[in-house]
Amino acid sequence: HHTFLFTISSRMVIDATNDGNESRYINHSCDPNCEAEIDKGRVFISAIRDIPVGEELHYDYAYERSGDETEEDEKRYKCLCGTAKCRGTIMESKADFLKRKRAAARKKAARKKSVQK
C-alpha cells in the first residue's frame, strides 16, 4: 500500500522502484530538511535548511487526500517520524486538504464566470 509516485503531468508518472536512483530512499518527516520540486518534467530534491554531514534526508510526503479517507486509511498511513511537529500521518494535513479543495472550487467558479461573459 505504500507506493508513492511523482505525477509529472497527465501523461507521465515517475515510479522510483523502476530504475530509480538513490533518492528513492529519502523518507518522510513532518519536519523535513528537503522538499521535492517538479520542474520541466524532472524531480529535484532541494534542501530547505542547512543539513549537517551524515544527517538523513527527508521530506514531507504530504500524500494527497481525496476526502473520503477511512479510519483504516488513517492507520495505514500513520507517521512514525517522531518529530515534535509530527501530525501522525504521512498524508497531507486535513487543513491543507481543505485549503486545496477551496482553492480548486474558487478556480472552477472563476472559469465558469469567465465562460458566462
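The values are calculated or read from the model by the stated rules, or taken from the named source; none is laboratory data. This is a predicted model, so every value here is computed, not measured. Methodologically, a virtual Cβ is constructed for each residue, glycine included, from the backbone with ideal geometry; neighbour enumeration extends over all protein chains shown. For accessibility, only protein heavy atoms count, side chains too; no ligands or nucleic acids. Shrake-Rupley method; radii C 1.70, N 1.55, O 1.52, S 1.80 Å.
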Among all lysine pairs in the stretch 34-94 that are eight or more places apart or on different chains, how many have alpha carbons less than 25 angstrom apart?
4
Scan around Ser29 for amide H atoms under 5 Å from its own, H built in the peptide plane at 1.01 Å from N, and keep only partners 5 or more places away or cross-chain.
Tyr59, Asp60, Tyr61
Cα centroid separation - the stretch 32-56 against the stretch 79-97, whole Å
18
Counting Lys and Arg as +1 and Asp and Glu as -1, each charge on the Cβ, what is the dipole of the chain about the Cα centre in debye, to the nearest 20?
1320
Rounded to a whole number, what % of the accessible area of the chain do carbon and sulfur atoms account for, probe 1.4 Å?
50
Partner lysines for Lys112 [C-alpha distance under 25 Å; skip if fewer than 8 residues away on the same chain]
Lys99, Lys101
Viscosity 0.692 mPa s, temperature 37 °C: Stokes-Einstein D of the chain from its Kirkwood Cα radius, in µm² per second?
200
Once ligands and nucleic acids are excluded and a 1.4 Å probe is used, how much of Asp96 is accessible, expressed in Å² to the nearest 10?
70
Positive-end residue, the stretch 11-111 charge dipole about Cα centroid, Cβ charges, pick of His28, Ala84, Gly67
Gly67
With angles folded into 0 to 90 degrees, how steeply does helix 94-116 sit against the dominant principal axis of the chain? Use alpha carbons for both and round to 10.
30
Given a 1.4 Å probe, how much area per residue of the stretch 1-56 is accessible, in Å²?
79
